[in-house]
Amino acid sequence: MTAAPPVLVAGGGVAGAAAALLLARAGRPVTVLEKEALPANKMCGEFISVEAQRYLDFLGIDLTALGAAPITTVAATLGARTVAHALPFAGLSLSRYVVDEALLQAAEGAGTTVVRGTRVTGIEQQAGGHLAVHCERDAYHPGAVLLATGKHEMPGDKRKVASGVEPLIGFKMYFELSPAQTQALAGRIELLFFDGGYAGLQPVEDGRANLCLLVHEKRFARAGGRWLDLLGALMGETPRLARLLTDAVPLLAHPLAIYRVPYGFVHQPRKGEPAALYRLGDQFAVTHSFTGDGMALALQSAAMAAGSIIAATDAATYHRALAKGVSGQVRRSMLLYRLGRRRPLLRAAITVGSWFPQLLSAGAAWTRLPPALLDNTIAAIAPTAPDVG
Ligand SMILES: Cc1cc2nc3c(=O)[nH]c(=O)nc-3n(C[C@H](O)[C@H](O)[C@H](O)COP(=O)(O)OP(=O)(O)OC[C@H]3O[C@@H](n4cnc5c(N)ncnc54)[C@H](O)[C@@H]3O)c2cc1C
């Protein structure tokens, strides 16, 4: 019997680490190349949806033992008006620093070689369809490559988004709140809408709060083009944000920032694409952040890509199956986001939602991964991963 060809994973975030873990548990030789030398904070609201929870549980990651905070209520604020509802499912909140590291360590424990502090600089298709993966100092020649490097494009790999990419800036900052603010935020995700964007505020582990927001570049410029000016302006116009953050202590020297996330992107297979190059997570599709389901999509892609490699199906077949499973979710997230940008519609949705909370549940279900997709994917991969509880 010939040995299974080695798999190389570019990027050790949720998608890459989860796929490596599944492949290693199925006995495949796997190497992960991760650009960060040490565990790092990541741009994310850190809301863990029920779908992401299901995959992480399947992978053996115990979120509660890692300190995840429960999120049971969503509160939406526009100006001085706040409406709160019970979430249609119990969410969790845990920093990506902890989640990604737990996955990467589990992958390593299952036999994956994790090479940290190594940036993939290019992937080249050579004669005979073989792939060469180039890093700053080295080159690898694996049997299959999982591209899981997240939102940003690899050199020479321009991604197209049919509706264009909005010039939005994402910011994230952790805060230490006062005891009263901590109590007011317990169990809640607060969505605060403002002219030119929205913010999410929720507790994470260790009593900290994560403020993650998206703002149009023009609004940011109008606010003075500096993070502290923007935060001051938002607290000035949104009394609830002011109540939750006045005198809160920022815990990072600078906020994490990101620009022009390609929301709405879904990979369209191209002719002549390498048969052994599998795109995962944000490299395959970017659902809108407000759904809080990006990690679930990344984990979905990881489970399907691992299943595809184990079953020896090519990347095009995997890409088609994944597109069938997730592109509806991405399309609907974009539609709701665009509708929500219209102030009168957003105000009406918040008001109607306060009368009929079941409409909010229906809206949430509309932008999430379908449960049947998770059932089928987990059933298909479970027999190949005997260690998974
Ligand atoms: C503002 C914002 C808020 C969000 N909030 C949420 C939320 O609350 N809940 C949720 O579920 N989703 C949320 N998301 C989406 C979620 O963050 C992503 O969908 C998810 O992280 C995708 O996982 P990934 O593994 O594909 O990419 P990533 O998590 O970005 O992982 C990519 C990994 O690859 C590494 N890497 C990058 N380039 C290279 C390279 N060249 N070589 C080697 N390694 C490399 C990176 O260091 C990283 O570890 C949010 C996104 C944004 C922008």
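The values are calculated or read from the model by the stated rules, or taken from the named source; none is laboratory data. A quick note: this is a predicted structure, and the numbers were derived from the prediction, not measured. In this analysis, Cβ positions are derived from the backbone assuming ideal geometry, glycine residues included, and neighbour counts consider all displayed protein chains. Note: areas computed on protein heavy atoms with side chains; ligands, DNA, RNA excluded. Shrake-Rupley method; radii C 1.70, N 1.55, O 1.52, S 1.80 Å.
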Point-to-point label distance, THR113-HIS141, nm (Cα→Cβ direction, 7 Å offset): 1.5 nm
Potential extension, ALA362-ARG243 segment - 0.36 nm per residue separation minus Cα distance: 39.8 nm
Signed unit charges on C-beta, dipole axis of the range 168-259, positive-most listed residue ALA248, PHE220, GLN183: PHE220
Å³ per residue enclosed by the Cα convex hull of the chain: 136 Å³
Inter-label distance, nm, simple model (7 Å from Cα along the C-beta direction), SER354/SER163: 2.7 nm
Reachable lysines from LYS160, criterion Cα separation under 19 angstrom, eight or more residues apart if same chain: LYS151, LYS271, LYS324
Under Karplus coefficients 6.51, -1.76 and 1.60, residue-wise ³J(HN,Hα) of the range 305-318 in Hz, glycine/proline x: 5, 4, x, 5, 5, 5, 7, 6, 9, 7, 5, 4, 5, 4
Rounded FRET efficiency, nearest 0.05, which uses the C-beta distance separating LYS324 from ASP229 and R0 of 41 Å: 0.35
Solvent exposure of the chain as accessible area per residue, Å², 1.4 Å probe: 44 Å²
For the range 229-242, Karplus couplings with θ = phi - 60° (6.51, -1.76, 1.60), whole Hz, Gly/Pro x: 5, 4, 4, x, 5, 5, 5, x, 9, 10, x, 5, 5, 4
Kirkwood estimate for the range 62-213, i.e. one over the average of 1/r between Cα atoms, Å: 19.3 Å
Lys, Arg +1 and Asp, Glu -1 on Cβ, resulting dipole of the chain about Cα centre, debye, nearest 20: 1460 debye
Full-extension gain in nm, GLU205 to ASN376, via 0.36 nm per residue minus C-alpha separation: 58.4 nm
Solvent-accessible ranking of HIS141, HIS134, largest area first, probe 1.4 Å: HIS141, HIS134
Theoretical gain in end-to-end length, LEU345 to LYS271 [0.36 nm per residue, Cα-Cα removed]: 22.5 nm
Loop sites in the range 128-165: trypsin sites (Lys or Arg not before Pro), DSSP, at most 13 other Cβ within 10 Å: ARG137, LYS158, LYS160
Relative contact order computed over the range 290-389 (Cα-Cα under 8 Å; 6+ residues apart), in percent: 44 percent
Fluctuation leader among ALA315, ALA372, ALA209 - the chain, Gaussian network, Cα springs under 10 angstrom: ALA372
C-alpha center-to-center spacing [the range 1-50, the range 141-216] in angstrom: 21 Å
The range 168-259, accessible surface, carbon-and-sulfur percent (1.4 angstrom probe): 58 percent
Over the chain, relative contact order from alpha-carbon pairs under 8 Å, at least 6 apart, %: 22 percent
C-alpha center-to-center spacing [the range 291-315, the range 72-112] in angstrom: 20 Å
For the range 15-21, Karplus couplings with θ = phi - 60° (6.51, -1.76, 1.60), whole Hz, Gly/Pro x: 5, x, 5, 5, 5, 4, 4
Shape call, the range 84-173: gyration tensor on alpha carbons, a/c limit 1.5: oblate
Long-range Cα-Cα pairs in the range 201-292 (distance over 15 Å), rounded percent: 72 percent
Approximate spin-label separation HIS216-GLN105, in nm, with each point projected 7 Å along Cα-to-Cβ: 4.4 nm
